[in-house]
Structure formats: structure tokens, C-alpha cells
Amino acid sequence: MENKDFGDWLRDILVEQGITQAELARKSGVSDAHISRIISGYPPGKDACQKFAEALKMPREVIFRAAGLLLPRPELEFEEWHYILSQLSERDRNDLLFLARARLEKADQELNQFLDAYEQIPLAERSKYLREAQEIIESGLKEMGAKRAK
């Protein structure tokens, strides 16, 4: 995603949530002038994205993907998850929820480590690494799909 697209996306989120740029600046600690630059196409950095996620009460992953700092996420199989969850007892659903939250926390830590390392890579080399990561992810997803089909 190009940075101008992120600016448009951010503007849409602000309208959706009924928040002005000035309110976002106050809630996030990112200056109003910097937010204006980002909305105009200036690339958002990791710190600004993290602050926006907290201020907008959105998952950081959503903000980072919108900013182009992470690859797009493949579609999840929500219908299958809905069916599986509907077949479980409340206790089993709570157990799965506990496990999911623990995995989410771990993923959040891994995301922070990745983003810290990512920012150390020169801009010209980042797309190469992102393509390699995408290939690894797609391969893993295909393998998981093959195992589930068995």
C-alpha cells in the first residue's frame, strides 16, 4: 500500500470514529502537523502507527497493514471457526479463548521484534525481505491446509 493510500485510509477511520485530526493528535501524542503530513502522503513510522492504534483502539496489526509495514493477511475461514465454536461447550470455548489471547500476546511480542528489526533494514532492501516472508507464509498456509484436509 502506498503512503497516500494510508493517508486516505486514516482520514476515513477518523470520519468513521467521529474524531478530528486535533483529537487524534491529543489522544496519540503525535503532533497535528505530523498527522496532516501523513494524511497528505508522508510515510508513517512505527511509532506513529503504534500511537494511532492505541488512540483509535484498533489492533496494531490493522494499522501496520494499512500503512504497508506488514503484508496483507490472507482471508480467514470464519465460517468454519463459527461452526466449530458453535459445537463446543462454554468451558471449551473459554479454554480456546484463553489460548487465543495467549497466542495473540505472543504474536504481538513477535510483531514488535520484527518491526524493530525491519526498521534497521535500508529502505531499498525491505521489499526483497517482504517478498521472501510472503513466500514462507504462503508455503506454511498451503502446508497447514494439506494437513487439515487429511
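Tabulated data for the structure shown
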{"item": "Net +/- balance of residues flanking Ala117 in space, Cβ distance below 13 Å, scoring K and R +1, D and E -1", "result": "-2"}
{"item": "Ascending count of other beta-carbon atoms within 10 Å, so fewest first, for Arg126, Arg91", "result": "Arg91, Arg126"}
{"item": "Relative contact order %, the chain, counting alpha carbon pairs below 8 Å whose residues are six or more apart", "result": "19 percent"}
{"item": "Residues Val15, Val30, Val62, sorted so that the one with the fewest Cβ neighbours within 10 Å comes first", "result": "Val15, Val62, Val30"}
{"item": "Radius 15 Å from Cβ of Arg131, net charge of other residues (Lys, Arg +1; Asp, Glu -1)", "result": "-2"}
{"item": "Lys/Arg +1, Asp/Glu -1 at C-beta; the chain dipole; positive extreme among Ala66, Ser139, Ala25", "result": "Ala25"}
{"item": "Extension gain from Val15 to Asp116, taking 0.36 nm per residue of separation minus the Cα-Cα distance", "result": "33.3 nm"}
{"item": "Rg/Rh for the chain, where both radii come from Cα atoms and Rh is the Kirkwood radius", "result": "1.03"}
{"item": "Count, lysine Cα pairs under 22 Å in the chain, 8 or more residues apart or across chains", "result": "13"}
{"item": "Order of Tyr83, Tyr118 - criterion: other Cβ atoms within 10 Å of each residue's Cβ, fewest first", "result": "Tyr83, Tyr118"}
{"item": "Test item: Cα-centred dipole of the chain, Lys/Arg +1 and Asp/Glu -1 on Cβ, debye", "result": "140 debye"}
{"item": "222 nm mean residue ellipticity, helices alone, for the chain (DSSP H n ≥ 4; -39,500 (n - 2.57); rounded to 500)", "result": "-25000 deg cm²/dmol"}
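Values in this text are rule-based calculations from the coordinates and carry no lab data. Model, not experiment: these values are computed from the prediction. Every residue, glycine among them, receives a Cβ derived from its backbone with ideal geometry; neighbour counts consider all protein chains shown.
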